[in-house]
Structures are given as C-alpha cells and as structure tokens.
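Student: Below are the structure tokens for one structure; questions will follow.
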Amino acid sequence: PKEGSHFDLPILAGILHALGALQPPSIEMKQFFWGEINLDGGIRPPRDLAMHLLNANGSATSAVFTSPPEAKSDLQTIGNYLNFSRHEISNVVDLWDEKIFSTSDRKETISNNSESEMNLALLDRWQNEITSEEKKLWNSLQGSSNQFKFWCVVALGRHHALIEGAPGVGKSTWCLASRALHPPLNLKQAKERYRFGPSHRAHLFSSCSPHSLWNAPFEAPHHSSTKAAIVGGGTGQIAVGAITRANFGTLFLDEFLEYSRDVLEALREPLEQKAITLSRQGLARSFPADTQILAAFNPCRCGRFGSGSEKCDCTATSFQSYRARLSQPLQDRFHFYVKWKFILENGGEGFDLKFVRRRLQEAKNLERIDLTEIRPSKNLSPRRLALVLQTFESFCRWEFIQKPSQQDFQNFINFLQSIQPESNPTQEELTDDKTEIDLLSIARRAREYRTSNSGSHMEHGGFDLKITQGD
C-alpha cells in the first residue's frame, strides 16, 4: 500500500490541477512530486529521497521536491546519473513557477556508455580516495601477511566466514576493517539497494564520506535482534530485515552464537539462495539477499575455552547448549570456518589499503580461471567441491594465476593451513594423488547439485572444518 507523508505534495498538486489553479502539464510529461506539507505551506523533504530519485529514473520527465542542505553534495553526485529535470521548491507557492511544468530544460536520456563511464569514475574514486576513518582502522590491524591475504581473498569472492576466537584476538576488528575492501555499488545495484531500504535513518543521504551514497551497505545488528529484524517479517505489512538491507554488501553478526536459535536457522536459505521469501496469511513477498555474512563468536560463553592461559568457567551443560546453536547444516553454508589467533606481526606492510583496492579490482577483471588441471579428492561432496573450487578461484585471482596447476592447488592448501592449522582441511582431504578425477565428472556433479537445490548458487557451500580441542 502507498503510505507516507511524502504523498502530501503530489495530492495537493493533483487537486490544484483538477481545479484549474495550476497550469496543466503537457501530455508527454510524467511528473513526480515528493514532500510533506506543513501548516504554513512549507515543504519538508521525504525521508528516502535517494530511493525515490533512483526509482524514478527512466520513467520521469521531471521531479519536484525539496532537499536539506546537508544532502547537496550527494544530490549533485546522483544528479549526474538522473535523466530527468529536477526542481527544488521550499513552499507550495513555488508550484506556480512556470519552469516546473516546462519541458524545455529536460535532460537528454543518459546513454549506456555514460553509465559505464560513471561506474568507472566511482571505482577510480574508491581506489584513490580513502577516508581518515578507513585508513585509521586498516592501519591499526596486526597480523601475519597470510592473515591480511586471507581477508583480501574473502573480500574478493565475497565469501561467508565464521570466525571463532577468544576475546581480544581481533575478530570483530578484522570484520569491521574488511568493509574498506568492498568496492562501491554500480548504478544498477544502488537502485536496487535503495528500493528496499532507506539511504539513511536519520538523514536523507549519508554524509559520512564524499562517496557514501555508493558505498556497499554494511549492517551490524545487535545479538538481541529478533528474527524479523534480521531476515524480515512483521504483522500486516511485511518489512525487510537486515539481510535485505545489506543486499550487495555485508551483514556482520558479532557474538554469533548469542543470537537465538530461530535467528540462526533462518539464515540457511538466504545464505544459499541469495534471496528470501516471507509468507504471512494471504501474503507472500520475496526479497533479495545477495549478502556476504561475516560471523564472529567466542568458543564458549565465558570465552576462555581453549585459550590455554585461563580456565573455562562454563559448565558442561552450558558449553554444550552454547555450541549446539551452530548446527551442521548452517555451518556447511559458510565458505570459511577458522579459529582466529592474534599474531603480533606487521604483516600489513605489503598491504597498503590503496594498493589492496587496486589489486582487488584488477583481480576481478581477470578472465575466467581455467581449473582443468586441478584434481580434487573424489570423496568431496558436491557442496564442498563447489566451495573448494570457488575459494580456490578467488585465491588464483588474487595471485593472478589464470591457468593454475596442481602445485598451485597445493599452495592454496598450505595457505589455508597457515591460517589455522588444526581446523582447516588437509591435503589428503582436498586431493587424491592416487586417483585421476575426470573434470567432466566434477562439472556434472556440481551441475546436479545446483539443479537439486532449486537454483541455489554454487559458491555457497561450506568447508567441513572440525574444531579439535584438548582435554
């Protein structure tokens, strides 16, 4: 249903046109009006101006609205893409301005080349303009060079990752810092993003950075959030959840195992299908959920289990109930499951943020990676096989390897082992040196898995990484 105070202005304009008090628009014009009218005739801006402007693009000939002063910079940025004339007014008396209903100043429709050029300009600005907040957070990271490379590979493939570790090892810091590795949205993605969520809850445009309008979304809800808040729902009208608001971006779930079991299990389908369908009595709606999920959690409720330095205070019952929240079907849908360790090294010397962003973009632009020389183990399940090949492809892109050999695959295994030796897959698990695997057979198994899962995406599987603990 149509609702909201921003319909005040179009209702008034329609009434005035019907009464003949306003100049009637020409037949070929399709005008959009947004604004809330005060009792004194002043016009307040709509809450989601960016969403309205993007959705009107391609169908509107002109738009009439008002915007706050803090939105001028972002409005100018988005105006380079919009293909209709725009008129800002502050009071209803401004409706009698003849320019509002004139077609003489309408912009020409933007071409596909211009859209491509703007996408390239956004990428170029992202690679070269780093905010002080991004730089400060990235430079504060401590770890080995392989740990830095791990997060680059995770960002490159937008892989889902489960990060377990004791308090203070940097789980949350790394997850938050990885936000700086995500490129800006292209114009098509930006329109889809603002279709399902406001540009900013407090303001019409986020003004935290010069290019904030195009930033990939990053949602980090509190662990007390309900299932409706995370995946969507509600009564009456169905509202989107954080996983949809983070579409094309990242959903960071800190204290992952403190979420309710219902919330965690509700993530299964969107993790694999990149979409979620919510049904209520007499109503069903589907929402996009092409979202990377990063989840961080402690090994137990007190956080000391397996630390080696402090004794765990959790009872056996408390420990088991806590760990039971991470079911195997949910775990299998994550690409990585690692036990994070703090390493006091300056491994980031070769990972300057500007260099990393440029390399990530170059890696994405590589042609298809040829995996015909790779021989994974014949014991891999279809889901695990799909994940191994997907994560290995991201690794090869980062290393600029277009035709990897079996030795490159071994290097990939060694890289995983360096991140977490005790829980990442071993060479014997991922390879079978005694058996030659027909790549056509692998492709057929992967295709059968995709078909049997009703359109689920191949990149969403899960390593079966077992955590081993001593007595």
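Student: How long are the semi-axes of the ellipsoid equivalent to segment 331-415, from square roots of 5 times the Cα gyration tensor eigenvalues, in whole Å, largest first?
Tutor: Working: eigenvalues 117, 71, 31 Å².
Listed largest to smallest, the semi-axes of segment 331-415 are 24, 19, 12 Å.
Student: Whole-Hz ³J(HN,Hα) for each residue in segment 180-190, computed from phi via Karplus 6.51 cos²θ - 1.76 cosθ + 1.60 with θ = phi - 60°, x for glycine and proline: what do you get?
Tutor: 6, 8, 8, x, x, 5, 7, 5, 5, 5, 4
Student: Report, in listed order, any pair from LYS149/LYS354; LYS136/LYS341; LYS339/LYS364; LYS311/LYS339; LYS136/LYS171; LYS227/LYS339 with a Cα-Cα distance greater than 25 Å.
Tutor: LYS339/LYS364; LYS227/LYS339
Student: Can you list the residues, at least 5 places off or on another chain, whose amide H is less than 5 Å from the amide H of TYR337, using H built in the peptide plane?
Tutor: LEU162
Student: Among the chymotrypsin sites (Phe, Trp or Tyr not before Pro) in segment 60-97, which ones are in a DSSP loop with at most 13 other Cβ atoms within 10 Å of the Cβ? Mind listing them?
Tutor: Here no chymotrypsin sites (Phe, Trp or Tyr not before Pro) fit, given the DSSP loop and packing criteria.
Student: Tell me whether segment 278-317 comes out rounded, prolate or oblate; compute the Cα gyration tensor, take square roots of the eigenvalues as a ≥ b ≥ c, and use a/c under 1.5 as the rounded threshold.
Tutor: oblate
Student: How much length is gained if the chain between SER5 and PHE415 is pulled fully straight, taking 0.36 nm per residue apart and subtracting their Cα-Cα distance, in nm to one decimal?
Tutor: Net length gain for the segment: 142.1 nm.
Student: While we're here: Given a 1.4 Å probe, how much area per residue of segment 212-339 is accessible, in Å²?
Tutor: Accessible area per residue, segment 212-339: 40 Å².
Student: Can you list the HN-Hα couplings for segment 172-177, worked out from phi with the Karplus curve (6.51, -1.76, 1.60; θ = phi - 60°), rounded to whole Hz and with x for Gly and Pro?
Tutor: 5, 4, 5, 5, 5, 5
Student: I would also like to ask the following. With θ set to phi - 60° and the Karplus curve 6.51 cos²θ - 1.76 cosθ + 1.60, what are the ³J(HN,Hα) couplings of segment 287-304 in order, to the nearest whole Hz, using x for Gly and Pro?
Tutor: 10, x, 8, 7, 10, 7, 10, 10, 10, 10, 7, 7, x, 7, 5, 7, x, 9
Student: While we're looking at this one, here's another question. Heavy atoms of the protein only, probe of 1.4 Å, neighbouring chains included. What is the accessible area of LEU120 in Å², nearest 10?
Tutor: It works out to around 110 Å².
Student: OK, next. How large a share of the accessible area of segment 279-342, in percent, is made up of carbon and sulfur atoms when the probe is 1.4 Å and the other protein chains stay in place?
Tutor: Ligands and nucleic acids excluded, carbon and sulfur reach 48 percent.
The values are calculated or read from the model by the stated rules, or taken from the named source; none is laboratory data. Predicted, not measured: the structure shown is a model, and the values here were computed from it. Heads up, the Cβs are rebuilt from the backbone with ideal geometry, glycines too, and the neighbour counts pull from every protein chain shown. Each accessible area value is taken on the protein alone, full model and side chains, heavy atoms only, with ligands, DNA and RNA left out. Shrake-Rupley method; radii C 1.70, N 1.55, O 1.52, S 1.80 Å.
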